[in-house]
Every structure is written in C-alpha cells, then in structure tokens.
Amino acid sequence: MTAFSLKNGTLHAENVALASIAERFGTPCYVYSRAALEASLDEFLAELQGIDALVCYAVKANSNLGILNLFARRGAGFDIVSGGELQRALAAGADPQKIVFSGVGKTADEMRLALNTGILCFNVESAPELDRLNEVAGSIGKKASISLRVNPNVDAKTHPYISTGLKENKFGVAYEDALALYRHAAALPNIAISGIDCHIGSQLLDPAPFAEALDKILLLVDQLAAEGIQLHHIDLGGGLGIRYSDETAPTVKSYLGPLLAKLAGRKLKIVLEPGRRLVGNAGLLLTKVEYLKPGEVKNFAIVDAAMNDLARPALYDAWHDILPVAPHTGAEQSWEIVGPVCESGDFLGHGRSLALQPGDLLAIMSAGAYGMAMSSNYNTRPRAAEVLVDGNQVHLVRRRETVEQLLAQDAMLP
Ligand SMILES: *Cc1c(COP(=O)(O)O)cnc(C)c1O
C-alpha cells in the first residue's frame, strides 16, 4: 500500500498531489491517508480473526473525529485517558462497550461520566483510584468493571520519556502489590473485577519485551485463579513501533504471534491498545519554506510549521524524514529545518541534505501519531488544518484555527 508516493515527479497522498492540497487548504496542514489508516487496522484484524479479541485504538495518538469514526466503522474500540477523549470517542460513533479507560489521574467527574456511559472497563492504576472508583460507583448505583494496570517491570528499551513499564515510572501498580490489591478489589461492593492490563512503553521495535511482560502477567492470572479470582480479559496495551527512518519495525504478525501462542487454550478475551502503529505512518505534515538563511556554520531553512505543530523533534529529539514535494535537480546542501517559534529547540530536522528554494513545499513524514494531538497554540499560532485523503477525494477533517478563536477564550479586567 503506497499512501504517499511520487507520481509524475511530485509527491502525492493516494491520488492527490500534495501541492494541490497546499493550494486549497494552506500550510501547515496535516494530511492523512484513509487507505493507510485502514491497512494498519487490517494488519491487526487479520491476525486476530477467529479469536475473541478487541482492538482499542489509543485515542491520544491522534484524536481527530474523522479518524476515530473510520476506526469505529471498522469495529474498533477505543482506549481513552480523559473525559474529553471519552466524549470524542462517543461523538465519533464508538460503541461504549468497546471503550477502556486508562490514565493515572481519573477525576470523580470523569468516573461518573464513564460509568453512566457504560464503558467496558476502567484500567485502574493505583489503590486510591480503586477506592475512589468504588465510592463514585456506589454513589450513583453502578458497579464499575475494572482491570488493574500492573507494572511488569520489564525494560522496553525505548526513549525514557515513552518507557512506562519500569518500577520508576508513575504508571500502574507495582507487580509485587498486584495480588493484594486484587484481593482488596474483590471485597469492594461496587467493583467487578474483569481483567488485567499492562502497557510497557511506546515505539518498541523488539517484540521480546511484550512476551516477557505477558509471561509475568500470566503468572499473576494463575495466582488469582488459585484464589478464586477469575479474570475475563487480558489487555496487553499498545506500544508497537513504526519505521521513522531506517529502523526495521516488527510486523504485527511477529509481534502478536508469540503472544497469541502463549494465550492459546486460555479463556481470556484479548484487548490491545495500539496507537502510534495505527496512525503514525498514515499521516504527514505539509509545510512551506518561508526563508533560506545560509550561514557560516549552519544553513537554516525556515518553514511555516513549528514545534507547536509537531513537538516530537523538540521534545524527544525524534527523527522525521523530510521530503521535497517537488524535488529539484539542483545541488543539495545541508539544512537545519526550523520553524518560526522563538525557541532554539524549535526544529523539525537537523542537517538534512536537500536542494531548496524559498516557497518549496516539504513533507514531514510519519507525523500521523502524536503530531496534531500534541500541538499547542504557543506563540499564538492557530493550529493547522487536517485533511483526510480517500483516493481522488480530499476531505477537510479539521478547519485551520483562527486567531479570533484563540482570542475569544481570553478576557480582560473590567
Ligand atoms: C499511550 C498509550 C497507548 C498507546 O501507545 P502507542 O505507543 O501509541 O501504541 C496504549 N495504552 C496506554 C495506557 C497508553 O498510555
């Protein structure tokens, strides 16, 4: 599947020239491919055929309603981390019984909203959260279905900011404390124990830590069963990595194969929470070169997208391929691709070999995950437009913000 490719010498999203998108919708602009989004979901569904399993897309990776709706239509569920994401999922047509609620800081209001919606499961991340949930559920005459998010203490070998399965991380319940907390949960009147959950990190390129985590979780499942606490589902989280430059990302088959083998013969529904893997390579950020500023030490290409649009390079020193939309034949030079924001950390790529002219369009690749979702209005920059390409068609799935909208949120003293 070629979501983004050169056709007649210029970069296209499916059958649409990116230059025509820039002309019609302006830049910076996020461009997604419907075919790529569906192909990545299909990669999971193909491996799970005939198995009692649910793919809950992690909304935080990209929460655009157009994308959520595509996944909901294909039967996916959703992993949410806030009341806002719950409302997004519902607005996009999600089945409440396919929603799991993760996150370390669920408020009582968010719990009530989720209980009244009738979601599938709360992934509880601490003892006080469990007690609060029991209280909130009791106060509205509901029973809360829960998993405990257990921290299996495996090293996911990823960036420290996106590793979540180690003891020192803020997420989940310590492995050693899990049994006692399940016993406590079993005694709470408004809690129904449904499953167990773990999520060990993000952008994992080695499937081994997933299997290591599952072994540890299954040990707990058996210990719980021996005590009469029978679980109905096991949630293996998300975290499967994608190719950003020259990494080899595992196939979904090589990731799921060993896990499904370990789970064979057990009567456990399997829940997965992929985020990045479903959307990352299905999107790019289209930007225009405003100025070229060659220098003695470095050459700067100043583009109209910035760290407020795509934070990953500034935040994690992340690499995104940067491709010219209409490649020139001229000599290449090394360019710092930077935005207009007043921070030295505002870069999108360092030392990229490109033949550039002012006015050129560039495509920042692999920007579908944690791109728009992490964007901000820093420097009073309205957020970018988002379009979803489907064959020859371009659908605007989020209008570009206006400065008027931003100002309207503020107030002055009387
Ligand atoms: C972020 C997150 C995910 C998705 O992670 P990806 O690396 O994008 O797949 C899944 N589950 C939980 C609990 C998360 O916090």
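At a glance:
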read-out: Among (1) more than 28 Å from V100 (Cα to Cα); (2) open to solvent by less than 30 Å² (accessible area, probe 1.4 Å); (3) touching a Gly at 6+ places or on another chain (Cβ under 9 Å) - the single one C56 does not satisfy; value: (1)
read-out: Among the candidates L148, L188, residue that is crowded, with 24+ Cβ neighbours inside 10 Å and either modelled with pLDDT of 95 or more or away from the ligand (no atom under 16 Å from the Cβ) (or both); value: L148
read-out: Set G330, G371, G345: member being closer than 23 Å to L18 by Cβ and under 26 Å from the mean Cα position of the chain (by Cα); value: G371
read-out: Per-region count, the range 197-212, residues under 16 Å from P152 (Cα atoms) and either away from the ligand (no atom under 13 Å from the Cβ) or more than 25 Å from the chain's Cα centre (by Cα) (or both); value: 4
read-out: Qualifying residue in the range 92-99 (condition: closer than 21 Å to L268 by Cα and part of a strand (DSSP E or B)); value: yes
read-out: Pairs, first basic (K, R) in the range 396-407, second open to solvent by less than 80 Å² (accessible area, probe 1.4 Å), C-beta under 7 Å, six or more apart; value: R398/N64; R398/A385; R398/E386; R399/A385; R400/G26; R400/P382; R400/A384; R400/A385
read-out: Of residues in the range 4-57 being part of a loop (DSSP other than H, G, I, E, B) and charged (D, E, K, R), the one nearest to G275 (Cα to Cα); value: D52
read-out: Unmet requirement for A226, which otherwise passes all of (1) within 19 Å of the chain's Cα centre (by Cα); (2) assigned by TED's automatic domain parsing to the domain that holds A39; value: (1)
read-out: Total residues in the range 69-94, condition within 14 Å of the ligand (Cβ to nearest atom) and over 18 Å from R112 (Cβ atoms); value: 5
read-out: Filtered residue count, the range 280-320, keeping only those that are aliphatic (A, V, I, L, M) and surrounded by 24 or more Cβ atoms within 10 Å (Cβ to Cβ); value: 10
read-out: Exclusive hit being in contact (Cβ under 8 Å) with a residue 40 or more places away in the chain and under 27 Å from V394 (Cα atoms), set G66, G75, G93; value: G66
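The values are calculated or read from the model by the stated rules, or taken from the named source; none is laboratory data. The structure displayed is predicted, hence computed values, not measured ones. Here the Cβ is made from the backbone with ideal geometry for all residues, glycine too, and neighbour counts use every protein chain on show. When the accessible area is computed, the model is the full protein with side chains, heavy atoms only, and any ligands, DNA or RNA have been set aside. Shrake-Rupley method; radii C 1.70, N 1.55, O 1.52, S 1.80 Å.
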